[in-house]
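To start, the structure under review is shown below, and the notes come after it.
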Amino acid sequence: MDFSGTTILCLGDIMLDRFAYCGIERISPEAPVPVLLLDRVQSMLGGAGNVARNIAALGGGAVLMGLLGDDPAGAEVRAALAATPHLIDAHVPSPSRQTTCKTRYLAAHQQIVRVDEEHLHELEPDEETNLIAAIGAALDSVDAVILSDYGKGVLGPGIVEFTMRQARSRGIPVFVDPKSDDFRQYRGATCITPNQAELARAARLKTGSEKEVVAAAKRVLKEAKAEAILVTRSDKGMMLVEASGAVTVEPARAREVFDVSGAGDTVIAVLAVAHASGRSLPEAMRLANTAAGIVVSKLGTATVELDELMLELARDDQASPHGKLYDLGEAETLVRQWKGRGLAVGFTNGCFDILHPGHVALLAAARAQCDRLIVALNSDASATRLKGPGRPVNALPDRAAVIAALESVDAVTSFEDDTPLDLIVRLQPDVLIKGADYTYETTVGAAEVAAAGGRVALIDLVKGHSTTGTIGRLRRTAAPKLAAGGEG
């Protein structure tokens with residue numbers, strides 16, 4: 001999957017998204033509201049900027065166009081644009097317009113309140129003239145256009161009409177994330193992507209059932225003379241209704257929803273870049289649906305990296321224990337996803353040759369130290385060098401399958417070296433966990449984890465259990481039987 005040869009014009013309302021991450025200590029004595037203790041503030045591109053950022057994160061080229069004010073929020077947006085690879089800043093300056101800024105306050109992985117700073121008004125004549133000139137100059141170098149309408153004024157009737165007409169004359173597909181209830185202004189669009197409520201308002205019909213969604217989509221398709229309507233239905237997934245009459249349904253894929261901020265941006269970004277790269281609309285919708293499932297499990301206005309998307313597509317069946325097995329590259333992607341959701345990642349390692357109650361207790365205690373636990377197993381060659389001839393008793397695939405079946409374990413990977421130091425450095429866990437028979441000084445990777453801001457946890461062991469002891473007892477039990485058999 002390669003989007004590097006595809007460039008998308010993202011036209012619409014550019015905003016600044018701020019996320020204030022807080023702790024909650026108590027309820028205010030002044031009013032029945034929580035008192036938030038501010039920890040950190042993170043700013044990123046929002047609105048059409050987040051659409052462009054999603055395309056760039058997938059390796060595609062994005063040309064971002066809209067209006068930015070001459071204010072502190074606008075300056076932050078410009079700095080973010082300059083720092084984003086694969087993103088071309090094509091914004092039009094507008095000293096008279098305030099840059100929209102949305103600040104979300106979050107605590108315990110939940111959004112508590114949102115504060116918006118904006119002043120909305122229709123396009124000034126010079127703003128429209130400058131935007132039209134910029135659009136005309138950009139169209140010949142792009143493969144598709146996205147209209148990202150947040151109702152902030154950029155996508156006025158004149159801008160939409162000009163863009164649609166010029167794109168159609170060049171054979172450039174246009175994807176629309178609509179704000180208006182009148183889809184006729186998007187006449188000739190390749191795909192319009194309303195949510196279920198937006199479709200109901202545009203069609204003036206109910207959209208509670210799949211049958212009703214199809215009927216509503218067909219009505220607006222006819223009015224807008226569009227090629228397709230993709231309806232996002234929250235936890236019910238997506239439906240694609242094409243002018244040909246074809247209907248495709250994709251169930252929702254998110255396993256844990258942490259934050260839906262910007263999920264629609266991800267959907268239209270992936271849909272457009274995938275279709276412009278040669279995939280059919282149903283194929284592009286599947287990729288968009290998968291990407292949406294990833295992004296809503298992260299905190300903040302997040303994006304999806306190409307390796308995350310490919311990993312999720314390859315891991316459709318997570319019900320089997322074997323779905324927890326990851327190679328190094330996949331493990332790095334998985335850990336990045338977990339950390340992007342604000343989860344603390346724990347790491348432990350060992351041969352885990354013959355699973356016994358001590359192992360089970362250790363891993364359960366390790367999981368209690370973190371939100372997600374990854375277990376790294378010595379390869380067969382590594383285990384032999386560590387334990388000696390005759391070990392491991394069980395080959396790596398068998399050991400991995402048994403460990404993956406434990407509820408306390410979220411992922412399993414392996415390493416060939418004598419120690420997991422390189423793996424620890426690459427994964428950068430938040431918590432490095434070993435048995436209490438180790439010390440901080442003898443724990444491989446302890447210094448590296450601590451230097452990165454993590455910590456080391458040493459877990460008390462269950463006495464009387466060890467793989468070496470188990471093997472010894474088996475040999476002692478088997479020896480008399482073998483001797484008796486030899487005499488017979």
Checklist entry - Cα-Cα over 23 Å: which of LYS324/LYS434; LYS339/LYS434; LYS387/LYS434; LYS102/LYS236; LYS211/LYS298; LYS298/LYS324? => result LYS102/LYS236; LYS211/LYS298
Checklist outcome for this item: Interchain or sequence-distant (5+) residues whose placed amide H lies within less than 5 Å of the amide H of GLY46 are MET15, LEU16, ASP17
Next on the checklist: Please give me the summed charge of the neighbours of ALA144: other residues whose Cβ is under 14 Å from its Cβ, Lys and Arg +1, Asp and Glu -1.
Outcome noted: -1
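With the Cα gyration tensor of the chain giving a ≥ b ≥ c as the square roots of its eigenvalues, does the rule (a/c under 1.5 for rounded; else a/b larger than b/c for prolate; else oblate) give rounded, prolate or oblate? Working shown, then result.
Numbers: a/c = 2.59, a/b = 2.00, b/c = 1.29.
Prolate, since a/c reaches 1.5 and a/b exceeds b/c.
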Checklist entry - What ranking do 198-207, 393-402, 445-454 get when scored by the average of other Cβ atoms within 10 Å per residue, highest first? => result 198-207, 393-402, 445-454
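If you restrict to DSSP beta bridges whose two residues both lie in the stretch 173-267, what percentage is antiparallel, to the nearest 5? List each step's numbers first, then the result.
Working: 9 of 13 bridges.
DSSP beta bridges in the stretch 173-267 are roughly 70 percent antiparallel.
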Item to check | Per residue accessible area of the chain, 1.4 Å probe, in Å² | outcome: 44 Å²
Next on the checklist: I want the antiparallel fraction of DSSP beta bridges within the chain, as a percent rounded to 5.
Outcome noted: 35 percent
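Is the stretch 78-136 best put as rounded, prolate or oblate by its Cα gyration tensor, with a ≥ b ≥ c the root eigenvalues, rounded for a/c under 1.5, and otherwise prolate when a/b is larger than b/c, oblate when not? Please list the in-between numbers first.
Working: a/c = 3.50, a/b = 1.58, b/c = 2.21.
Oblate is the answer for the stretch 78-136, as a/c is 1.5 or above yet b/c matches or exceeds a/b.
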Checklist entry - In whole angstrom, how far apart do the alpha carbon centroids of the stretch 152-220 and the stretch 392-465 sit? => result 52 Å
Next on the checklist: For a quick check: with amide H placed at 1.01 Å from N, whose amide H comes under 5 Å from ILE112's, ignoring anything fewer than 5 positions away on the same chain?
Outcome noted: TYR105, LEU106, ALA107
Next on the checklist: Rounded to the nearest 20 debye, what is the charge dipole size of the chain about its Cα centre when +1 sits on each Lys and Arg Cβ and -1 on each Asp and Glu Cβ?
Outcome noted: 1420 debye
Checklist entry - Which shape class, rounded, prolate or oblate, goes with the stretch 88-218 when its Cα gyration tensor gives a ≥ b ≥ c as root eigenvalues, a/c under 1.5 marks rounded, and past that a/b bigger than b/c marks prolate? => result oblate
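The values are calculated or read from the model by the stated rules, or taken from the named source; none is laboratory data. Here the structure is a predicted model, which means the values were calculated and not measured. Virtual Cβ from ideal backbone geometry, glycine too; neighbours counted across all protein chains shown. Remember, those area values only see protein heavy atoms, side chains included, never the ligands or the DNA or RNA. Shrake-Rupley method; radii C 1.70, N 1.55, O 1.52, S 1.80 Å.
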